[in-house]
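K.L.:
One structure is given below, represented as structure tokens, and several questions about it will come after.
Nothing in this text is a laboratory measurement; each read-out follows from the coordinates by a stated rule. The shown structure was predicted, so the numbers you read here are calculated from the model rather than taken from an experiment. Virtual Cβ from ideal backbone geometry, glycine too; neighbours counted across all protein chains shown.
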Amino acid sequence: MNTPSVALPSHFQRSRSSLQAFFKSWPPLVLLSLGWLVAMLVIALLAQWLMPYGFSQIDLRARLQPPVFLGGTWDHLLGTDELGRDILSRVISAIRISLLIAFAATAISTMLGILLGMLAAHFRGWVENVVLVLIDFQASMPFMIIALAVLAFFGNSLPLFIGLMGFYGWERAARISRSLTIAANEQGYAAATHDLGASAWRVYGKHVLPNIASTIIVNVTVTFPGVVLLESGLSFLGLGVQPPMASLGNMVGYGREYLQSAPWILLCPSFIIVMTTFSMSLVGDWLRDQLDPSVS
Amino acid sequence: MTAPLLEVRSLARHYRVRSNDRLFSRALTLKAVSDVSFAIHPGRTLGLVGESGCGKSTTARLSLGLTPPTAGQIRFDGEPIPGRRNTRWRDLRRHMQMVYQDPLSVLDRRLPVLTQVVEPLDVFSVGSPAERRERARAVLGEVGLNQSLWDRYPHELSGGQRQRVVLARALILQPRLLVCDEPISALDVSIQAQVINLLQDLQQRHSLGMLFISHDLKVVRQICDEVAVMYLGRIVEQGTPQELFAAPAHPYTQALVSAIPSLARGKGHKRILLQGDPPNPIDIPRGCAFHPRCPQATASCRDHTPQLQTLETGRKVACLRLHPAA
Amino acid sequence: MLRYLSERLFRLLITLFLVLSFAFVILRMSGDPALIIMSPDAPPEAIEAFRQAWGLDAPLWQQYVGYFVNLFQGNFGASMKDGAPAMQVVLERIPATLAITIPALILQLLIGVPAGVYAALHHNSRIDRMLMGFSIAGHTCPSFVLALLLVMTFSVTLGWLPTGGYGTFQHALLPILTLALGGAAVLARFTRSAMIEVMGQPYIRTALAKGLSWRQVVFRHAFPNAAIPTVTLIGMMVGGLIAGAVIVESVFSWPGEGRLLVTAVSSRDLSVVQAILLVVAACMVIANLIVDALYVILDPRLRAGNRGAKS
């Protein structure tokens, strides 16, 4: 009979296994990603109080200073650009703008998609055909091209730009909500509830929508980074967010000239973009795995 | 005899369909139900049997007004049922409900079963929320669902338990007519017997009229007071189960009955095998719909469509052999 | 099979028609192009003359019909800046864009597909996780960031390749690489999940039980079946390449369609924008048709027509 080796005190063992269990259901990478996203959200909300300087505050005596970890001063943690503007403040302001656009556009796109998808599934017939043609149209052209055409013709004031971004990806949400609603309607709980006398509003609001919510949420985690990438791409080209407003994309655009002399001007916003889209995609993948096979 | 609860006359339901998915395809007519008439009385059960595609489920939906008929009349308590879902139609829901084949798909995965049984009362705003929950608990007790399961989700229950939930939800408004569309087909055989007993119990207690749809003749024999056999959208024979199964008159019924596995019959029993293609409601044969497969078909069966006529015994048959065309 | 394809063609033509109508609508909705192009203090007669020259004073439906008539006649208007025919300006740049997008497409397939297959075969191993990590990084990284990083590494630091411009193979290398990496990432993920799903099918187990080697199973059974859904991705990839070209050509000063579009948008050269829209729409239609044809060739269920597919 083997004598057990020195056993750890029971409470120590318990906490070790519960920590392991914790990390099994919340992988560390996912936690980090969630943390990053929360941090970005906080920065966006508290931007005004976090910025050490104004984002367009020019200080020509402090031009092109490197960040503190590359030999600069603590006055400007992330360095300054060619006009002496503090990069940190500009980044904070840019995060606010870019996140605002991304959230608003994702919300618009998702709601538009759900609405059209459900209308198509509910009415069938010509309504469905119209929606399907619209979905086809949206999916047939790369959205960047459509966006550029609209920007050419209409200009790019901020509300218009947000509205335009709101058309990104609605066809995915529409496809999802249409097929799930059709499935729910055909001999399913939706049909049964409707058959016992409930109104269509009740059926869709209380039954169908909560049931498709999880798939829609996963779709949101795909749309959001897409909007961020699209907006930053357009801003990079000078066609998106216009100066004096700073967006992550247009900061990279301005920093391009100083690629060799002051690379931090474009590296900081680039890093933020990459980390944000990466985190959202990772969380989205993890969410999709959690919800499939469907757990109520 | 008491006035019928539900009365349908010359009911028909036809669909326009395309022959395939292409852009320019022929428009065809799918005749799901043609010229169906029957009556259901309080406390009595009418069974509808037939193979897949014969129109049983469509008839069920037509009886409840869930699908508008292409032709014919449906009357509940003497009053016609509206074809559209207007206020009167909604009011009628309190008197007539449906029990479905697959309980899992007709229950919302996300809500506990008690909430779902309460829902009909929410829809019709009956009583206060507390009273509704009380009623729901009472009905769940009546269908025999254990109290510990009332707050569970549908996928946490067994098939038989789920079907009890569906029954409870159908009964909570105290309907007088219950339409059961293959309510036990998806259940294990041992559970089927329990649910059948429960249905009979409930029928007796509440004087429910029932339309019971099934493809399983043994169950129908047990629970129904009258049986109607459907083929390609028409009733071909109707009578009491004891008589119908003992001496089927229509060739189709004879084939169905001979196919029932039974220990009582000897090894020499020959099953009647039907020839020909399975029935297709888009392409219904001329004359008697059954004639291509009928072992007793004659030349006139191709030209004349038999009507459902009553024999002296009370049996109804639609067959030209027994009623040569007038 | 011909019926299927002609139907798809019909649907695509409808989409093309919608794109063109869309272009017309936004052109007319965006306000008076005359006021946009000419300065605000130009004399009213000059503005009116401009309007007449461009047919902007006719009723709307007439303009719509005239628009399509012009398109059919090959008249796409002229670049509002220098008067050169818009379509000519656009067509001139096509070879430059093709010079980077076609190699990028090939490179995407060469990198993405084997990576996806390999990851699927070593499902849940370290290599799989690493490859998928790279893949997520690849498709979440904006193309301009990737482009700038490549420039910083290969041009500035290492000095191997030029930072931009047109002419030699060295000039084309970085643009091609930037375009290819993003799409390869998406392709790898998709191929991986298609392969995993196929490998889980019973017929794969049967093939192995029959005695076929892994290599035979993968190449004869698994991969061809996984390729079918992957083919539909090619349509999306073409769209992604066109969108990517816009940014990549701008970063590398590569004189293709993308760069032309950006300059046309900045200067509000509406005819050129419209012409590019048309060309892109036509490209997408052709790409989708090729994908549909490939789909029919690869999937025997479609070759047999709808017989048996519908009950």
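K.L.:
Excluding B:P120 itself, calculate the net charge of residues whose Cβ lies under 12 Å from the Cβ of B:P120, where each Lys or Arg counts +1 and each Asp or Glu counts -1.
P.N.:
+4
K.L.:
If you average the sequence gap of Cα pairs under 8 Å that are 6 or more apart and divide by the length of region A:207-268, what percent do you get for the contact order?
P.N.:
Relative CO of region A:207-268 lands at 20 percent.
K.L.:
Same structure again: Bin width 5 Å, origin at 0, all Cα-Cα pairs of region C:138-259: what percent of pairs per bin?
P.N.:
Result returned by the calculation: 2, 11, 17, 16, 12, 10, 9, 9, 7, 5, 3, 0.
K.L.:
To one decimal place, what orientation-averaged projected area in nm² is obtained for the convex hull of the Cα set of chain B? Could you put the intermediate results ahead of the total?
P.N.:
On the way: hull surface 79.7 nm².
About 19.9 nm², averaged over all directions.
K.L.:
Still on this structure, I have one more. Could you tally up the Lys pairs in the protein assembly as shown with alpha carbons closer than 21 Å? Skip any pair fewer than 8 positions apart unless they're on separate chains.
P.N.:
7
K.L.:
Now a separate question. How large is log10 I(q)/I(0) at q = 0.05, 0.08, 0.10 Å⁻¹ when the Debye formula is applied to the Cα atoms of the protein assembly as shown, each weighted equally and without solvent?
P.N.:
Here log10 of I(q) over I(0) equals -0.43, -0.96, -1.23.
K.L.:
Would you kindly derive the ³J(HN,Hα) couplings of region B:129-146 from the backbone phi angles with the Karplus curve 6.51 cos²θ - 1.76 cosθ + 1.60 (θ = phi - 60°), listing them in order in whole Hz, with x for Gly and Pro?
P.N.:
Here the 3J(HN,Hα) series is x, 5, 5, 5, 5, 5, 4, 4, 4, 5, 5, 4, x, 5, 7, x, 8, 4 Hz.
K.L.:
Calculate the mean, over all residues of peptide A:233-240, of how many other protein chain Cβ atoms lie within 10 angstrom of the residue's Cβ.
P.N.:
Partner Cβ neighbours, averaged per residue: 5.
K.L.:
If amide H atoms are built 1.01 Å from N in the plane of the peptide, which residues on other chains or at least 5 residues away come under 5 Å of the amide H of B:V236?
P.N.:
Amide H to amide H, under 5 Å and 5 or more residues apart or across chains, B:V236 pairs with B:V229, B:M230, B:Y231.
K.L.:
Using alpha carbons only, how many degrees (0 to 90, rounded to 10) separate the axis of helix B:113-123 from the longest principal axis of chain B?
P.N.:
80 degrees
K.L.:
C:L13 versus B:E51, label points 7 Å from Cα toward the beta carbon: distance in nm?
P.N.:
4.4 nm
K.L.:
What residues have an amide H closer than 5 Å to that of B:L28, excluding those fewer than 5 places away on the same chain, when H is modeled at 1.01 Å from N in the peptide plane?
P.N.:
Amide H to amide H, under 5 Å and 5 or more residues apart or across chains, B:L28 pairs with B:V17, B:R18, B:S19.
K.L.:
Using only the alpha carbon atoms of region A:161-233, find the Kirkwood hydrodynamic radius as the inverse mean reciprocal pair distance, in angstroms to one decimal. Could the numbers behind the result be given before it?
P.N.:
Working: mean 1/r = 0.0730 Å⁻¹.
The Cα-based Kirkwood calculation yields 13.7 Å.
K.L.:
Relative contact order of region B:97-194, please, whole-number percent, based on alpha carbon pairs below 8 angstrom and at least 6 residues apart.
P.N.:
Normalised by residue count, the contact order of region B:97-194 is 46 percent.
K.L.:
Right, here's the next one. Span-like helices, chain A: DSSP H, alpha-carbon axial extent 24 Å or more, mean Kyte-Doolittle 1.6 or greater, which ones?
P.N.:
Span-like helices, by this rule, are A:28-45, A:87-123.
K.L.:
Next question. Summing +1 for each Lys or Arg and -1 for each Asp or Glu, what net charge is found among the other residues whose Cβ lies under 14 Å from the Cβ of C:V145?
P.N.:
Numbers: positive: A:R256; negative: A:E231.
Charge balance near C:V145 sits at 0.
K.L.:
While we're looking at this one, here's another question. Could you state the angle between the C-alpha long axis of helix B:159-171 and the longest principal axis of the C-alpha atoms of chain B, as a value from 0 to 90 degrees rounded to the nearest 10?
P.N.:
That works out to roughly 80 degrees.
K.L.:
Pulled fully out, how much extra length does the chain show between B:H206 and B:S128, if you take 0.36 nm times their separation in residues and subtract their Cα-Cα distance?
P.N.:
Numbers: separation 78, 0.36 × 78 = 28.08 nm, distance 2.39 nm.
Here the segment from B:H206 to B:S128 would lengthen by 25.7 nm.
K.L.:
Further question on the same structure: Convert each backbone phi in region B:101-112 into a coupling constant with the Karplus relation 6.51 cos²θ - 1.76 cosθ + 1.60 (shift: θ = phi - 60°), then list the ³J(HN,Hα) values in order as whole Hz, x for Gly and Pro.
P.N.:
Values per residue, Gly and Pro as x: 6, 9, x, 5, 7, 9, 10, 6, 4, 8, 10, x Hz.
K.L.:
Next question. Given C-alpha coordinates of region B:1-124, what is the ratio Rg to Rh with the Kirkwood estimate of Rh?
P.N.:
My calculation of the ratio gives 1.02.
K.L.:
Taking each residue of C:254-262 in turn, how many C-beta atoms of other protein chains fall within 10 Å of its C-beta, and what is the average?
P.N.:
2
K.L.:
How big is the antiparallel share of DSSP beta bridges in the protein assembly as shown, given as a percent to the nearest 5?
P.N.:
60 percent
K.L.:
Ok, one more. Taking just the alpha carbons, could you work out the radius of gyration and Dmax for region A:99-204, both in angstroms?
P.N.:
16.3, 53
K.L.:
Also: Compute the distance from the alpha-carbon center of region A:246-295 to that of region C:84-128, in whole Å.
P.N.:
What the calculation gives is 22 Å, centre to centre.
K.L.:
Taking the Cβ of A:G197 as the center, what net charge do the other residues with Cβ under 9 Å away carry, scoring Lys and Arg +1 and Asp and Glu -1? Could you put the intermediate results ahead of the total?
P.N.:
On the way: positive: B:R85, B:R90, B:R93, B:R94; negative: A:D195, B:D91.
After counting each charged neighbour, the total is +2.
K.L.:
Of the listed peptides C:243-253, B:221-231, what is their order by residue-averaged count of other C-beta atoms within 10 Å, with the highest listed first? Numbers along the way, then the final one.
P.N.:
Working: C:243-253: 25.5, B:221-231: 21.2.
Final packing ranking: C:243-253, B:221-231.
K.L.:
Give the Rg (one decimal place) followed by the Dmax (whole number) of chain A, computed from C-alpha coordinates and expressed in Å.
P.N.:
24.4, 85
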